[in-house]
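Enquirer: The structure is given below, and queries will be raised subsequently.
The values are calculated or read from the model by the stated rules, or taken from the named source; none is laboratory data. All values reported here derive from a predicted model rather than from experimental measurement. Don't worry about glycine lacking a Cβ; one is built from the backbone with ideal geometry, like all the others, and counts go over all protein chains shown.
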Amino acid sequence: MILNVDGVEFGYSSAPILRGVSFSVDGGELLAIMGPNGFGKTTLLKCLNRVLNPRAGSVFIAEAELRTIGRREIARRVGFVAQQSEAYRMTVYDVLMLGRVPRRRSSCMNWGPWPCAAPTSSLDLRTQHHLMATITRVAESTSVAVVMSVHDINLAIRYATKLVMMRDGTVLAAGDRSVITEGTVQAVYGIDVAVGDVGGVPCVIPR
């Protein structure tokens, strides 16, 4: 595995934000983190490259524990695409490849995992799918692992290899598309939905 997250916990002062978060992702895979706003998705991404240091648990990059890796080496292996980036005039591919430049905070990772914070926010339908298809293609062709937070559950279902569904800083469900059920969506988002099938891909529709 390129990235292994084992029991990560984090909080500000006495307020816990992440509680025992665990998952793994391998090269060529895209993992989508989903859940309501304000429940730890972006905080988790920042723990994957030591922008924030977990209180407990471990993050391993290619079997090396993140806390044992120097900042310069982390910058070589790990990048970060913020939700608002100055690279708005660049192509999708160029933004992703910024991760090969050390010390760029608004970049994606090179061979290691790429944490991306809500990369499809504020994009129209066509651009959302173009972006996700490009990220998927780059991940597969370069064998990098991509980890991103995604607000659009149907977009995540279509493109992600793995899904992590979070609420209140904990993982309620994790796995492939099979974790998308009416029960898990209700538990995570607090909304009654129907889960249908469109061309072999699950589709979540609010009732």
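Enquirer: Looking at (1) closer than 20 Å to L31 by Cβ; (2) surrounded by 13 or more Cβ atoms within 10 Å (Cβ to Cβ), which one does S178 not meet, given that it meets all the others?
Expert: Among (1) closer than 20 Å to L31 by Cβ; (2) surrounded by 13 or more Cβ atoms within 10 Å (Cβ to Cβ), S178 violates only (2).
Enquirer: Against the conditions (1) crowded, with 20+ Cβ neighbours inside 10 Å; (2) at pLDDT 90 or above; (3) of a type outside the set (A, V, I, L, M, F, W, C), where does P115 fall short? Just the number, please.
Expert: (2)
Enquirer: Going through S24, S14 one at a time, which residue ends up being out of contact with any helix residue (DSSP H, G or I) (no Cβ under 8 Å at 6 or more places or on another chain), among the small types (G, A, S) and closer than 23 Å to R76 by Cα?
Expert: Selected residue: S24, the only one of S24, S14 that is out of contact with any helix residue (DSSP H, G or I) (no Cβ under 8 Å at 6 or more places or on another chain), among the small types (G, A, S) and closer than 23 Å to R76 by Cα.
Enquirer: Could you list, in sequence order, the residues of region 126-175 that are among the polar types (S, T, N, Q) and at negative phi? Don't jump to the end; show me each part of the working.
Expert: Step one: of region 126-175, the residues among the polar types (S, T, N, Q) are 127-128, 134, 136, 141-143, 149, 154, 161, 170.
Those that are among the polar types (S, T, N, Q) and at negative phi: T127, Q128, T134, T136, S141, T142, S149, N154, T161, T170.
Rundown of residues vs (1) in contact with a strand residue (DSSP E or B) (Cβ under 8 Å, 6 or more places away or on another chain); (2) within 18 Å of P206 (Cβ to Cβ), yes/no style:
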site: T120; (1), (2): no, no
site: T134; (1), (2): no, no
site: V144; (1), (2): yes, no
site: Y159; (1), (2): yes, no
site: M166; (1), (2): yes, no
site: T181; (1), (2): yes, yes
site: V185; (1), (2): yes, yes
site: A194; (1), (2): yes, yes
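Enquirer: If you check N49 against the conditions, is it of a type outside the set (G, A, S), closer than 19 Å to A139 by Cα and at pLDDT 95 or above? Quick ask: steps written out before the conclusion?
Expert: Working: of a type outside the set (G, A, S): yes; closer than 19 Å to A139 by Cα: yes; at pLDDT 95 or above: no.
Spelling it out, it is not the case that N49 is of a type outside the set (G, A, S), closer than 19 Å to A139 by Cα and at pLDDT 95 or above.
Enquirer: Same structure, new question: Within region 88-108, is even one residue at pLDDT below 70 and in contact with a Lys or Arg (Cβ under 7 Å, 6 or more places away or on another chain)? Spell out the reasoning first.
Expert: Quick first cut of region 88-108, residues at pLDDT below 70 only: 88-108.
Going one step further and asking which of them are in contact with a Lys or Arg (Cβ under 7 Å, 6 or more places away or on another chain), we end up with 98, 102.
Among the residues of region 88-108, at least one is at pLDDT below 70 and in contact with a Lys or Arg (Cβ under 7 Å, 6 or more places away or on another chain), which makes the answer yes.
Enquirer: For region 34-79, enumerate the residues that are closer than 12 Å to V8 by Cα, over 15 Å from the mean Cα position of the chain (by Cα) and assigned to a strand (DSSP E or B).
Expert: Selection gives A56, G57, S58, F60.
Enquirer: Let me ask another. Select from region 20-68 the residues that are among the basic types (K, R) and within 28 Å of I153 (Cβ to Cβ) and list them in ascending order. Steps first, please.
Expert: So in region 20-68, the residues among the basic types (K, R) come out as 41, 46, 50, 55, 67.
Passing the criteria: K41, K46.
Enquirer: Among the listed residues T127, T134, T170, T120, which satisfies the condition of being within 15 Å of the chain's Cα centre (by Cα) and surrounded by fewer than 18 Cβ atoms within 10 Å (Cβ to Cβ)?
Expert: On the way: T127 fails: within 15 Å of the chain's Cα centre (by Cα); T134 fails: within 15 Å of the chain's Cα centre (by Cα); T120 fails: surrounded by fewer than 18 Cβ atoms within 10 Å (Cβ to Cβ).
Unique residue meeting the criteria: T170.
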